[in-house]
Structures are given as C-alpha cells and as structure tokens.
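The values are calculated or read from the model by the stated rules, or taken from the named source; none is laboratory data. Model, not experiment: these values are computed from the prediction. Ideal geometry is used to build each Cβ from the backbone, glycine not excepted, and the neighbour counts take in all protein chains shown.
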Amino acid sequence: DTGVSQNPRHKITKRGQNVTFRCDPISEHNRLYWYRQTLGQGPEFLTYFQNEAQLEKSRLLSDRFSAERPKGSFSTLEIQRTEQGDSAMYLCASSPYRDSHTQYFGPGTRLTVL
Amino acid sequence: SQQGEEDPQALSIQEGENATMNCSYKTSINNLQWYRQNSGRGLVHLILIRSNEREKHSGRLRVTLDTSKKSSSLLITASRAADTASYFCATDARDYGGSQGNLIFGKGTKLSVKP
C-alpha cells in the first residue's frame with residue numbers, strides 16, 4: 001500500500017505529557033498538510049509544508065504545537081504539555097505539486113488526553 | 001472557520017434508495033470537492049467540480065454546482081450499505097485569500113444506509 005501512513009493510530013496520554021505523531025506521505029508528493037478533527041466536525045487545517053519548508057500555520061496551532069518535515073519526506077507533529085482539549089483525530093494529507101487540489105489523507109492518529 | 005455547511009446533518013435510508021446531500025458555501029470559489037469518511041478513518045476524495053461546471057458524474061455519484069446560489073449537491077444513486085459514512089464538502093482556501101491550498105471543510109452529513 002503506497003498511501004499516506006500515520007503512526008501511531010491511537011495514543012492515550014495523561015495531561016501534561018508530550019506526544020509526537022508521524023506522517024509518511026505518498027512518495028514524490030511535495031505538499032503535506034496536518035488537520036485536526038473533533039467529534040462531529042469536519043477537519044480543520046493546522047499547518048502546511050512544501051518540501052521541507054513550513055509555509056503556513058493556522059491560529060489553531062498554539063505554541064505547544066510544533067511540526068517538522070526535516071528532509072521533505074516524512075513529517076512529525078509534536079504536542080507539548082498536552083491538555084484535555086487536545087483530544088482529537090489528527091489527520092495528515094499529501095498532494096502532488098501538479099494536482100494540488102486533491103489531497104490524499106492518511107487514516108489519522110486518534111489522541112486521547114486523560 | 002468553516003466555509004461549507006452540509007445539509008442534512010444526518011440521513012438514514014434503505015439500501016437501493018438514492019441519497020442527496022447539500023452543501024452551501026459563503027464566498028466565490030474556483031472548485032468544490034466532496035470527500036467521504038468511514039467511521040474513524042481518514043478521508044477519501046470522491047469528486048471535484050470546477051466553478052465553470054454545473055454537473056459532474058462519477059459512477060453512482062452525481063454532483064451539481066450552482067454558483068449563483070453558492071450551493072452544491074451530492075447524489076448517490078442505488079445506495080449500498082457500504083456507502084454508510086460521513087460526507088464532507090470542501091473548498092480551497094486560496095479562493096478567499098489563503099495562499100497554500102489547504103482545504104476548508106463543512107461539518108459533514110452522516111449517511112446511514114440500512115440493508
């Protein structure tokens with residue numbers, strides 16, 4: 001399967017702990033997006049990479065959130081000092097440069113903060 | 001903020017019936033997309049319709065776009081139990097000032113198809 005993969009699929013943590021999620025996009029897709037989705041809502045944009053450059057961050061991305069894409073391939077999203085309000089599904093998507101309208105989503109990482 | 005609003009929020013039908021979902025949006029767009037999300041999973045792209053298109057078909061899917069009313073509809077014909085999912089419309093943030101092409105989703109319609 002050469003789709004977008006995300007790890008872990010589920011993460012349960014205690015409030016105040018740090019967590020890190022990984023996204024492996026479809027190879028040769030130079031655009032990578034992170035979204036957050038809470039129950040009963042559509043996904044909301046968090047941040048975007050073109051190759052290794054982080055080009056846009058949503059106001060939803062507080063100082064406790066940081067994302068990287070060091071070699072322009074996989075990306076990590078870290079949440080420091082987690083809060084219960086961070087509980088959500090974190091979705092990663094990628095798209096090729098030539099067809100940037102269509103995004104290919106991974107299965108997501110479901111985070112539960114106790 | 002969310003650009004699109006789907007209607008209805010939930011829809012329950014019998015297998016074999018048609019399902020129609022609507023999406024309204026607020027600003028001018030260049031294209032609109034529909035995505036499907038099965039329970040607890042990522043989203044799958046279904047279809048994209050451009051602003052100069054009025055109707056588009058893909059298998060059992062039919063999408064219409066009315067730019068004058070700022071609305072779109074998704075019709076699934078001869079529904080199957082496997083069509084049970086949430087359906088989202090999405091617009092491109094570049095259409096209203098965004099620079100990087102992230103998608104802006106509505107809240108979705110939850111479709112349940114009973115066998």
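General observations
- Criterion (touching a residue at least 12 places away in the same chain (Cβ under 8 Å), touching a helix residue (DSSP H, G or I) at 6+ places or on another chain (Cβ under 6 Å) and not hydrophobic (A, V, I, L, M, F, W, C)) met by exactly one of B:Thr67, B:Thr27, B:Thr77, B:Thr20: B:Thr27
- When segment A:45-59 is limited to residues that are surrounded by fewer than 21 Cβ atoms within 10 Å (Cβ to Cβ) and not aliphatic (A, V, I, L, M), the one that is nearest to the other protein chains (Cβ to nearest Cβ) turns out to be A:Glu56.
- Answer from A:Ser62, A:Ser95 - the residue that is of a type in the set (S, T, N, Q) and more than 11 Å from chain B (Cβ to nearest Cβ): A:Ser62
- Condition check for A:Thr109: over 20 Å from B:Ala90 (Cα atoms) and within 11 Å of chain B (Cβ to nearest Cβ): yes
- Residues satisfying the stated conditions in segment B:72-93, i.e. at pLDDT 95 or above, crowded, with 21+ Cβ neighbours inside 10 Å and among the β-branched types (Val, Ile, Thr): B:Ile76
- Checking each residue in segment B:25-84 for being within 15 Å of the chain's Cα centre (by Cα), more than 14 Å from every other protein chain (Cβ to nearest Cβ) and closer than 30 Å to A:Pro8 by Cα picks out B:Asp83, B:Thr84.
- One residue alone among A:Gly16, A:Gly3, A:Gly85 is outside any loop (DSSP other than H, G, I, E, B) and either surrounded by fewer than 16 Cβ atoms within 10 Å (Cβ to Cβ) or on the phi > 0 side of the Ramachandran plot (or both), and that residue is A:Gly85.
- Residues of segment A:34-44 that turn out to be crowded, with 23+ Cβ neighbours inside 10 Å and either modelled with pLDDT under 95 or more than 21 Å from A:Arg64 (Cβ to Cβ) (or both), as a count: 2
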